[in-house]
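Derivation of every value follows stated rules applied to the coordinates shown; laboratory data play no part. Predicted model only: the values in this text are computed from it and were never measured. Neighbour counts are summed over all protein chains in view; Cβ atoms, including those assigned to glycine, are modelled from backbone coordinates with ideal geometry.
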Amino acid sequence: MAYVPLADQDKDMELHHPHSWVTKYVWSQDHKVIAIQYGGTAIAVGLVALVLSMLMRMQLGYPESFDLIDPNAYYQAVTMHGMIMVVYLLTALFLGGFGNYLIPLMVGARDMVFPFLNMLSYWVYLLSVLILMASFFVGGGPTGAGWTLYPPQTAMEGTPGHDMGIVLMLVSLVVFIVAFTMGGLNYVTTVLQYRCRGLTMMRLPLSVWGIFVATVLGLFAFPALLVAGIMMTFDTLLGTSFFMPAVIEAGTALDYDGGSPLLFQHLFWFFGHPEVYIVALPAFGLVSDVISTHARKNIFGYRMMVWAIIAIGGLSFIVWAHHMYVSGMHPYFGFFFATTTLIIAVPTALKVYNWVLTLWEGDIRLNAPMYFAIGFIFTFVHGGLTGLFLGNVVIDLPLSDTYFVVAHFHMVMGVSPVLVLFAAIYHWFPKMSGRMFHEGLAKAHFWCTFLGAYLIYLPMHYLGFLGVPRRYYSLGTTDFIPASAQDLNQVITLAALFVGAAQILFFINIFWSLRNGKKADPNPWGSASLEWQTPDTPPVHGNWGDELPTVYRWAYDYSVPGAHQDFIPMNTPESTEPTAGEDHFDPDHDTSKADL
Amino acid sequence: MSLFKAVTAKPWERKGVIGGLRPEGTFNASPEKVALVVFLVVASVIFSLFSVSYVIRMELPDWTPLAEPTQLWFNTGLLVISSVLFQWARNISKTDSRKNLLTSFIGGGVFALLFIAGQLMTWSSLQASGYYVASNPANSFFYLLTGLHAAHLLGGLWVWSKSSIRLLSGGETKEVRQSIELCTLYWHFLLVIWLLVFAMLSNT
């Protein structure tokens, strides 16, 4: 079958051109509308998870002060907070939201390859969210087994939500994976097959690279969760013993026999570790573009950045057992996983150096998105450094069940991606809405979030070193924990409530700006990449008017010597490249030479 | 070498249009085919993870091997015929001919349906002899893997039914050519998966 040229997309476009409000905004097949549906749903469900974390913090800071939070409710909050944040917020917002919005615009396509499948992906995702939310309303409530859902405790009487809650969680995950697979096939195929004329893979903005590789990781990693989820559903509903061992509950032996809980842990983390990078790689990509644009400088080491994304993606599949050091394993097995885990620090550190070197001698514009992007470098370095501690078996063993781990993963895959999300939302908001946001409010939002996040998580490292155990509903009185730990817990709780409340600034800013913001310039940041060169702002259905763009250069032509602007859009032909007077011309940077 | 060339390109040096007058995909294939191949990789990952789980679980002491009913050989034959018919339809559709196209394409789907019916009969005979899904992990895996394989086949039959309806209502060969090609690829894939699953289930 020959390749179907892009010209045919116009015909397809006619087929699903919206004719009513419902087909335009509800059953829409336009990737931009679907992106906003995905993003809105993810943020809404993320707010539920945020409220749950506030409840947890209130309990930890002021134990026995709130009747609402009993041990069961606490564990349910822990579980749902974790699962929602990782899967239903971060994965959905980065890939379903930004992936959908940016891929067709950045590769110069009119839409995704399969717009109907794309629409279906969103509605199936919404279904998975609704199933998950339903577990709050069934008898026994949502599962409280922890987001890792380890058997056998998921199915045991003592675990809240061991009957309906866990079933709804598993079904919701399976439905989510179906939705993700539909979206993922679209993202991968669109990047591979629908790039516009002249746009080679190595000319793609790093955002597309990050989202593309993360999607590939997702397509390979989510099956592990699917397999584990299906077998666990069988164990729970049909009484099979894939994972459930022979076990005695309240004096009576259950019907299970001989299953392997460790097998579940392997499957779960074979998904769970790549999942970290499914969230991190799009963040790496987006932040690279934000930093380069606002530093008015090409990204340092573009090829290295691409290779690092691919290397991190590949390595992420052979490190999973570092989550299982405390499960017990052969020492050589632990040695292997500690080694691979530490090796992954190499490409990751390389990316950090390149971001910093991009800033070096750049013409930095400290706009709000840049605040968040630079803030990300700080939080990511801190979260990454504690990862070096935990990657080692001997250090992980004593720290694994303490707040040190909570601090580590919140810094590296909670705060850091969320800062990138804010950077990206502020950065692309003018293109998405056609309006500018309020700069001052956005900066206030940044300082509250950034400093507040440090106030929450830095003390947690210290609590971890003291040996304060995580997952505990209440510390009670223990000899090895000084009373001052409780004071610190109160400080953390106050900081968490403050940061939670500060997010109101973000919502006020977004909703206020949608109506009252200053009309945005089509390219307010002076960005070279393709999504800012659309004929309309916000882009209309079909994105590019009559003719698809042609790309003549990479996405990072900033501050090119001799050019009269400090950026040259990707679709500017080299011959019409506006140049300043000959006296500024630097022969070493003669960009037309290479075209010979 | 072109892959190596691609990833070592220096995009900051080379300006101007790269490639021909029209945009080119990374692969010289329709987007549908690319997406299907990616999906086949995903499905392979799912089945391999089940196989790994099977092997790990098999080594635990409570495992009692299940004697696979001989009917499975008969079912396998049905699936092979189904795949052969699809290949026949594929070969016909390469030309614009319609001769035997309906027989081969619709026949391929019907044999797949017969295969699923055969699997269901195997299930019910196993149930009748007391091999329930929860009585032993070997049984659990048998029902799980055969069920999952059948579910994939049903997904293929949904696409097959859409193309069959188009063919039956007088559609031209070229309208369904791509669909036939992709169905054939998918059927061969599921046949290979079935043979591997069958071999694994039998070797316990």
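In order along region A:468-480, the Karplus-derived 3J(HN,Hα) couplings, from 6.51 cos²θ - 1.76 cosθ + 1.60 at θ = phi - 60°, round to 5, x, 7, 6, 7, 5, 8, 6, x, 10, 10, 5, 7 Hz, and Gly and Pro are given as x.
Averaged over the residues of B:41-54, the number of partner chain Cβ atoms lying within 10 Å of the residue Cβ comes to 5. In chain A, helices alone account for a calculated mean residue ellipticity at 222 nm of -19500 deg cm²/dmol, with every DSSP H run of four or more residues adding -39,500 (n - 2.57). If you take all other residues with their beta carbon under 15 Å from the beta carbon of A:K518, and give Lys and Arg +1 and Asp and Glu -1, the sum is +2. Pairs with C-alpha atoms separated by more than 19 Å, drawn from the list A:K443/A:K518; A:K24/A:K519; B:K10/B:K33, are A:K24/A:K519; B:K10/B:K33. In plain terms, the residue of A:T534, A:T148, A:T252 with the fewest other Cβ atoms within 10 Å comes first and the most crowded comes last, giving A:T252, A:T148, A:T534. Counting, for every residue in A:200-208, the Cβ atoms of other protein chains within 10 Å of its Cβ and taking the mean gives 3.
The angle between the Cα long axis of helix A:31-61 and the longest principal axis of the Cα atoms of chain A comes to about 40 degrees, rounded to the nearest 10.
About the centre of its Cα atoms, the protein assembly as shown shows a dipole size close to 1300 debye [charges on the beta carbon of Lys, Arg (+1) and Asp, Glu (-1) only; nearest 20 debye]. Give the shape of chain B as rounded, prolate or oblate, defined through the alpha-carbon gyration tensor: a ≥ b ≥ c are the square roots of its eigenvalues, a/c under 1.5 means rounded, and otherwise the shape is prolate if a/b is larger than b/c and oblate if not. The shape class here is oblate. Amide H contacts under 5 Å for A:E249: A:L254, restricted to partners 5 or more places along the chain or on a different chain, H placed in the peptide plane at 1.01 Å from N. Computed from backbone phi, the HN-Hα couplings of region A:116-127 come to 5, 4, 5, 4, 4, 4, 5, 5, 5, 4, 4, 4 Hz, rounded to whole numbers (Karplus: 6.51 cos²θ - 1.76 cosθ + 1.60, θ = phi - 60°; Gly and Pro given as x). For the listed residue pairs A:K351/B:K5; A:K32/A:K351; B:K99/B:K174; A:K351/A:K431, the alpha carbons are over 20 angstrom apart in A:K351/B:K5; A:K32/A:K351; A:K351/A:K431. Mind running the shape call on the protein assembly as shown? Use the C-alpha gyration tensor, a ≥ b ≥ c as the square roots of the eigenvalues: rounded below 1.5 for a/c, prolate if a/b tops b/c, oblate otherwise. Verdict is oblate for the protein assembly as shown.
Dipole of the protein assembly as shown computed with +1 at Lys/Arg Cβ and -1 at Asp/Glu Cβ about the Cα centre; of B:G118, A:F66, A:A253, farthest Cα towards the positive end is B:G118.
Net charge in the neighbourhood of B:F39 (other residues with Cβ under 12 Å of its Cβ; Lys, Arg +1, Asp, Glu -1) is 0.
Report, to the nearest 10°, how far helix A:484-516 tilts away from the longest principal axis of the Cα atoms in chain A, using its own Cα long axis and a range of 0 to 90°. Approximately 40 degrees, to the nearest ten.
When shorter helices are ignored and each DSSP H run of at least 4 residues is given -39500 (n - 2.57), the per-residue value for chain B at 222 nm works out to -25500 deg cm²/dmol. For chain B, a Gaussian network of Cα nodes joined below 10 Å ranks B:S169, B:S51, B:S140 by mean-square fluctuation, and the top entry is B:S169.
Counted by neighbouring Cβ atoms within 10 Å, the residues A:T240, B:T122, B:T103, B:T204 run from fewest to most as B:T103, B:T204, B:T122, A:T240.
Short-range pairs are left out: with C-alpha atoms under 8 Å and at least six residues apart, the relative contact order of chain A is 15 percent. Each of A:P561, A:A109, A:I36 was placed along the dipole of the protein assembly as shown (beta-carbon charges, centred on the mean Cα), and the one lying farthest toward the positive end is A:A109.
The HN-Hα couplings worked out from phi for region A:86-101 by the Karplus form 6.51 cos²θ - 1.76 cosθ + 1.60 (θ = phi - 60°) are 6, 8, 7, 9, 5, 4, 5, 6, 5, 8, x, x, 5, x, 5, 5 Hz, whole numbers, x standing for Gly and Pro. I want the local charge near A:T240. Using Cβ-Cβ distances under 15 Å, sum +1 for each Lys or Arg and -1 for each Asp or Glu among the other residues. Combined, the nearby Lys, Arg, Asp and Glu give -3.
Taking amide H as placed 1.01 Å from N in the peptide plane, A:R197 has its amide H under 5 Å from the amide H of A:V551, each at least 5 places away in sequence or on another chain. To test your reading of the geometry: what angle, between 0 and 90 degrees and rounded to tens, separates the Cα axis of helix A:368-391 from the longest principal axis of chain A? The helix A:368-391 is inclined about 40 degrees to chain A. Residues whose amide H comes within less than 5 Å of that of A:A563, counting only those at least five positions distant or on another chain, are A:A580 (H built at 1.01 Å from N in the peptide plane).
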